[in-house]
Each structure stands twice: as structure tokens, then as C-alpha cells.
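**Q** Below are the C-alpha cells for one structure; questions will follow.
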Amino acid sequence: MIITNDVEALKERIDQLHLEHRDLDDVISRLSQNPSQDQLQLQRLKKRKLYLKDQIATLERHLTPDIPA
């Protein structure tokens with residue numbers, strides 16, 4: 001079982017990741033509108049955004065209690 005301090009730390013980390021994910025979404029959106037944008041940089045930002053999404057999902061699973069079979 002996860003103790004309260006760990007739960008709060010996980011929730012705080014999830015909030016930080018959500019914020020970074022939103023910021024990346026805004027940057028990607030703005031850069032995508034510029035036709036002369038470096039596609040490699042854009043691709044790296046998109047990969048980082050997917051990585052953050054995976055991290056958020058993993059941490060959220062840690063917060064969900066296991067259901068007994």
C-alpha cells in the first residue's frame with residue numbers, strides 16, 4: 001500500500017508532467033503553423049510529448065488500487 005506522502009508526491013509529479021505536456025502541445029501547435037520549421041525538431045518535440053503522456057499514465061496506474069481477483 002502507498003503511504004500518504006508518496007501519494008501526494010505522485011500527484012504533484014503528475015501535475016508537473018501535465019503542465020509540461022500542455023506547454024509542449026502549445027509549442028508544437030505554434031511551430032506547426034510555420035512552414036519553414038525544422039521537421040526534425042518538431043518530431044523530437046512530439047516524441048517528448050508522447051513520452052510525457054506515457055509517464056503520466058504509468059504514475060496514474062500507481063495511484064489506482066489493485067482490484068482483487
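The values are calculated or read from the model by the stated rules, or taken from the named source; none is laboratory data. These numbers were taken from a predicted model, which means no experiment stands behind them. So basically every Cβ, Gly included, is an ideal-geometry build from the backbone, and we count neighbours across all protein chains shown. Just the protein is used for accessible areas: all its heavy atoms, side chains included, with ligands, DNA and RNA removed. Shrake-Rupley method; radii C 1.70, N 1.55, O 1.52, S 1.80 Å.
**Q** Compute the long axis of helix 39-63 from its Cα atoms, compare it with the longest principal axis of the Cα atoms of the chain, and write down the angle in degrees, 0 to 90, nearest 10.
**A** 10
**Q** Okay, next question. Let me check against my output: what whole-number percent is the relative contact order of the chain, with C-alpha pairs under 8 Å and at least 6 apart?
**A** Values: 25 pairs, mean separation 30.6, N = 69.
Over the chain, the number comes to 44 percent.
**Q** Another one. Kirkwood Rh over alpha-carbon pairs of the range 10-69, then Stokes-Einstein at 20 °C and 1.002 mPa s: what D in µm² s⁻¹, rounded to an integer?
**A** Details: Rh = 12.9 Å.
The diffusion coefficient I find is 166 µm²/s.
**Q** Given points 7 Å out from each Cα along the Cα-Cβ axis, report the TYR51 to ASP23 separation in nanometres with one decimal.
**A** Once both label points are built, they end up 1.5 nm from each other.
**Q** For ASP66, tell me the accessible area in Å² from a 1.4 Å probe, rounded to the nearest 10.
**A** For ASP66, the solvent-accessible surface is approximately 150 Å².
**Q** Along the charge dipole of the chain, Cβ charges K/R +1 and D/E -1, which of SER29, TYR51, LEU19 sits furthest on the positive end?
**A** Selected residue: SER29.
**Q** Could you give the size of the charge dipole of the chain about its Cα centre, using +1 on the Cβ of each K and R and -1 on the Cβ of each D and E, expressed in debye and rounded to the nearest 20?
**A** On the way: 11 positive and 12 negative charges, 80 e Å.
Dipole about the Cα centre, nearest 20: 380 debye.
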